[in-house]
Structures are given as C-alpha cells and as structure tokens.
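Visitor: Before anything else, here's the structure in question.
The values are calculated or read from the model by the stated rules, or taken from the named source; none is laboratory data. Just so it is clear, the model here is predicted, and its values are computed rather than measured. We place every Cβ from the backbone using ideal geometry, glycine too, and count neighbours over all the protein chains shown.
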Amino acid sequence: MIGFEMKIHHFDAVADYSYIFKPNEAPEQKIDRKPIVASVNKTAKKKQHSEKWSRDPKQNYSHEWLLDPNDAILNMEFSANGKFLATCADDDPGGTSGSSSSSEANKENNSPGRLTRRQKKNRVRKEDTSPLKKKVKRDMRKKGRHEDPYPLKQYIKLNLNDTDVFYTLRNYTLSAEDMMTLGYPVESKLYPGRAMIYRAGALDANAKEFVPRDESVYTSLLVQNSDQFGKRQEFHIKRNNGITSEEKKCVRCNKGFFMSSDGEYLTQEHCNYHWGKLHSPPSGGIEWFYSCCKGRQGTKGCTTAKLHVWSGVEPGRNGPFDGYVRTRQRKTPPQDGNYGVYSLDCEMCFTNTGLELTKISVVSLDGKPVYETFVRPESFIIDYNTRFSGITAKDMSRNSKVKTLKDVQNDLMGFITADTILVGHGLENDLRALRMIHYTVVDTAVVFPHILGLPYKRSLKSLTHSYLRKDIQVGTHDSYEDACSCLELILWKLRKDLLRNNDK
C-alpha cells in the first residue's frame, strides 16, 4: 500500500487541532495538546470602528500555547484580519492552484512599505485628530491666538517687499504736533532727557470736533510753560499728622479719592462702575446706555472693585518725568534704507502710581513674533485689569522669566532705532507704559478716524470687524493678537490706497 499523508484540520471558533497520520510508521507518543484559545476582544461596535484604522496590516501573537519547551514558535499564526487561525496548509507547495497568487498579492498589499488609498486617507485623518494637535488648537483658542500661521493674509495680498512697504508707510506717520496733542511722551527743551505729557480733558458727549493746531504754537507753549494748556489740578490738604494728600480722579467711576504723596490710599472705599462704553440709542433717542448692562447713563455701576484707580496722568500738563529712554539714531544706515517696521501692543495693570506695564508683544512686518515677555511692575498692584488685559496673578507667579521695565527697555533699544516705524492702536498709552520717547509712529486710531473726529476714537475690535471681517478679543485680550490686527489694518489701508492711485 502506498503510504499516504493525511492532514486533518478542525477549525473552530476557539480551537485548532492538527494531527498527521502515517500508516507505515509507528505512532508517536501521544502528546496532550490543549486547545489553543484565541483571545477575542469583545468590544462595542463604536470602539471597533475607532480602532480598526490603527490596526497593523498583520498581527502576530506569541501566546504561551504556541511555544514549545525549546522556545520555538510552532508553525501556526493568526490571519491578517486577526479573527482566524492559519497553518502551513494555507500555502500551496505545488503552485498549481490560484491560491498562491492571491496570497502573494495579499502579502504585497499588506506590506508595510506600500499602503492602499484608504490606509493613506486614514493615516492623514489620524494625524489631523491627534491629541497633540487638539491640545495646541485648544491652547491657541484659549489664548485667543490666530490658528493661521504667519505671514499675515494682508501681507500676502499686498505683494510688496519690506523696503517698499517701509517707504510707503512713512507717509502715514504722525507729525510732532499730532503727537503732542494726542498725549504722546515728548522731550522738553527746558528739561533735557526728561519727558512731558499733555493730556486732553475727559471726553464729553457734546464735545466739538478736535482740530490740531500748528506745531510752533505747541512748542512755544511747552517751552514757555504757558497756562493755556491748563495746569494739572492738585488739591493739597495738610493733615494733622503732617501728611500731604492729593486728590485723584478715578478713571472708572469719575469719583475723587485721596492719596498721600507716597502713594498710600487715604480713601478706603469700593468703586462701583460700568466697564462698558456709553452708546447712543439706535432709534435716535437722547438716553444713552452702557454696553455692559444696558443701564442708562447716571445709574449705579454694575461692577464693584475694592479700590479706586487712576491712570498716572491727569488732564493738562504732566511732568517732567524721569526714567524715560529715547530711541537713538543708527550709526551705520542700512544699504536699502529700511530701518524696520514693527507692531507692538502692551497690557497694563493699575498700581498705586497709575498704569504700569505687565506684558509686551512685538511682531515683524509679516506677523512673525519678535519679542514677548511678562513685566513685573515696580509699584504695588491694585487691579490686574484682567477683563481688558487678560493678565492674572497666576500668570505673573507661574512665569519664571518675568522681566523688569529696565530690562525690557534695553531689549527694545537693541533693535528699535529712531527711524524704525512702530505701528499700534492708541500707541501713546503703550509708549507711556514703556517710558519710551519715539517719534516715528503709525497710529491706527488716527489712520481710521472716528466719524465725530478727535478726541473720539474707534476701538481696535470695531475696526478689525469692519475692515477685516474678523472678530478679535473674544474672551480675554491677547497682546500678540492685537499687534497683528493693527499691522493687518495698516497693510489693508496701504493696499487700498495703492489700488486707488493706480486706477487714477
């Protein structure tokens, strides 16, 4: 009898038995083989659907039942889908049937070097929904940052080199009389190396349009120390213990309070105020209302603070002030004449001496971050002004790289010269907080004037929504976002003016 070899396969959902019988040979010693149980992960359909995109092309299992005492793996493994058991009988040694060709094709498709179209699509989907990228987007949304990277959209649309943009923006810089009128810190001829600040009075709903006068008039009045500007009103009261007090005016509730000459609060009372702005009724009525709580003008404030605060400057002539630095001329001018264009924005808090710097962000012409740091105020902090600055006490305590104002001044003087163009919105407040005198500035509050003229100014949020169709300052404020918005507004204005001139 011709010997024959018979291989019996028994496939079960949980076991596989494989025995070989040969009639001419003595039966080998019977080996007790326990059924090989494949662990089936019974999970929900949703979980299987989410995991099937990350399954390897072929899964190999090294269960202890698949190993002999000599640590040699038996000729048995799972199939590519991980559901069935496969043995050497799956391959056709003769090569006559078509199963070998199909198995080779499956091996080529399942090879790790070549991926199918669906696998490539799923791989991209997995990268987009990775936890790291979700965390970055969540952090950017929390901080109010733009998700789109630089360069800025308006910078790409303008399609000009940086040198041409620099020379064109020089036509939008403020003159000396405008800077004096708007309250920019300027250097006095009577006090060299010290700063003088002129601040207009409080805004009035019925105020007339502000028209700047000639520069020589302002210069002569400043040098002659004339009273036409209006002296700073200070009320000195001699107390019994010899302490001299000064009356300040709260910038939130417009109520007077007293402080000592050393900055100590003598008036200990809460401040009730409206943090929103006054708006006229849309229907054209005479009753103005606040944007925060829709309360009418003259009603009690909707927000309460511990103490009154002031800005550090009062209506009229302020100064001379020490501690200011002035940008210097560059020793060797650049070959192309481009001294640089930067946009900056500062966040401030209220201290017992007024507004002081807590954070600064500087971006280049294409929107790339150049400089950003937290700054520790020199005086005692009364209110972090978190609603408008986005700065909290935790930000100052957690950040170990908090610099002083002198450190920031030294850093800025390293790349900002007297001819460098600085762009910002209400830049006089930023320069006062930085204690810096700089005369080459472009102010978006002046380039995009209010319909009623000065001293009224449109907010940066309103300008960005009107001209760029973009919402900013959603939630907390961010100095980087504000600096980029100012730069995009100026680039938008520059592009529109160039198109208008080309049409003519």
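Visitor: Condition first: within 37 Å of the chain's Cα centre (by Cα) and either over 19 Å from Thr304 (Cα atoms) or not in a loop (DSSP other than H, G, I, E, B) (or both). Now tell me which residues in segment 260-274 satisfy that.
Guide: Gly263, Glu264, Tyr265, Cys271, Asn272, Tyr273, listed by residue number.
Visitor: Working only within segment 456-474, note down all residues that are within 21 Å of Asn429 (Cβ to Cβ) and among the hydrophobic types (A, V, I, L, M, F, W, C).
Guide: Once the filter is applied, which keeps residues that are within 21 Å of Asn429 (Cβ to Cβ) and among the hydrophobic types (A, V, I, L, M, F, W, C), segment 456-474 yields Leu460, Leu463, Ile472.
Visitor: Report whether or not Ile490 is at negative phi, β-branched (Val, Ile, Thr) and in contact with a strand residue (DSSP E or B) (Cβ under 7 Å, 6 or more places away or on another chain).
Guide: Details: at negative phi: yes; β-branched (Val, Ile, Thr): yes; in contact with a strand residue (DSSP E or B) (Cβ under 7 Å, 6 or more places away or on another chain): yes.
Spelling it out, Ile490 is indeed at negative phi, β-branched (Val, Ile, Thr) and in contact with a strand residue (DSSP E or B) (Cβ under 7 Å, 6 or more places away or on another chain).
Visitor: Follow-up. With a cut-off of at least 1 residues that are surrounded by fewer than 15 Cβ atoms within 10 Å (Cβ to Cβ), name the strands (runs of 3 or more DSSP E) lying wholly within segment 275-374. Can you show your working first?
Guide: Values: elements: 303-305, 316-321, 341-351, 354-363, 369-374.
Qualifying strands (runs of 3 or more DSSP E): 303-305, 369-374.
Visitor: Okay, next question. List the pairs whose first member sits in segment 487-504 and is surrounded by fewer than 16 Cβ atoms within 10 Å (Cβ to Cβ), whose second member is assigned to a helix (DSSP H, G or I) and among the hydrophobic types (A, V, I, L, M, F, W, C), and whose Cβ atoms are under 9 Å apart, counting only residues at least 6 apart or on separate chains?
Guide: Leu498/Leu158
Visitor: Do the conditions hold for Tyr439, that is, is it closer than 17 Å to Val363 by Cβ and among the hydroxyl-bearing types (Ser, Thr, Tyr)? It would help to see each step written out before you state the result.
Guide: Values: closer than 17 Å to Val363 by Cβ: no; among the hydroxyl-bearing types (Ser, Thr, Tyr): yes.
So Tyr439 fails the test.
Visitor: Name every residue in segment 180-195 that is in contact with a strand residue (DSSP E or B) (Cβ under 7 Å, 6 or more places away or on another chain) and of a type in the set (Ser, Thr, Tyr), in order of residue number. Steps first, answer last, please.
Guide: Kept after step one, since they are in contact with a strand residue (DSSP E or B) (Cβ under 7 Å, 6 or more places away or on another chain), are these residues of segment 180-195: 180, 183, 185-188, 191, 194-195.
Once the filter is applied, which keeps residues that are in contact with a strand residue (DSSP E or B) (Cβ under 7 Å, 6 or more places away or on another chain) and of a type in the set (Ser, Thr, Tyr), segment 180-195 yields Ser188, Tyr191.
Visitor: Still on this structure: Anything in segment 247-269 that is out of contact with any His (no Cβ under 6 Å at 6 or more places or on another chain), surrounded by 12 or more Cβ atoms within 10 Å (Cβ to Cβ), closer than 18 Å to Phe380 by Cα and not aliphatic (A, V, I, L, M)? List them, or say none.
Guide: Those that are out of contact with any His (no Cβ under 6 Å at 6 or more places or on another chain), surrounded by 12 or more Cβ atoms within 10 Å (Cβ to Cβ), closer than 18 Å to Phe380 by Cα and not aliphatic (A, V, I, L, M): Lys248, Phe258, Ser260, Gly263, Glu264, Tyr265, Thr267.
Visitor: Does any residue of segment 372-387 turn out to be of a type in the set (Phe, Trp, Tyr) and under 28 Å from Lys493 (Cα atoms)? If you could, list the steps in order and put the result at the bottom.
Guide: Let us first name the residues in segment 372-387 that are of a type in the set (Phe, Trp, Tyr), namely 374, 380, 384.
When the remaining residues are screened for being under 28 Å from Lys493 (Cα atoms), the result is none.
No, segment 372-387 contains no residue that is of a type in the set (Phe, Trp, Tyr) and under 28 Å from Lys493 (Cα atoms).
Visitor: Here's a follow-up. Would you confirm, using the coordinates I've provided, whether Asp471 is within 23 Å of Arg376 (Cβ to Cβ) and modelled with pLDDT under 95? Spell out how you get there, then give the answer.
Guide: On the way: within 23 Å of Arg376 (Cβ to Cβ): no; modelled with pLDDT under 95: yes.
So Asp471 fails the test.
Visitor: Do you know which residues across segment 385-419 are farther than 15 Å from Glu372 by Cβ and β-branched (Val, Ile, Thr)?
Guide: Thr386, Thr392, Thr404, Thr417
Visitor: While we're here: Need pairs with beta-carbon distance below 8 Å; first residue farther than 13 Å from Thr444 by Cα and within segment 338-350, second in a strand (DSSP E or B) and among the basic types (Lys, Arg); sequence gap 6+ or separate chains.
Guide: That search, which allows pairs on different chains as well, returns Cys346/Lys359; Glu347/Lys359.
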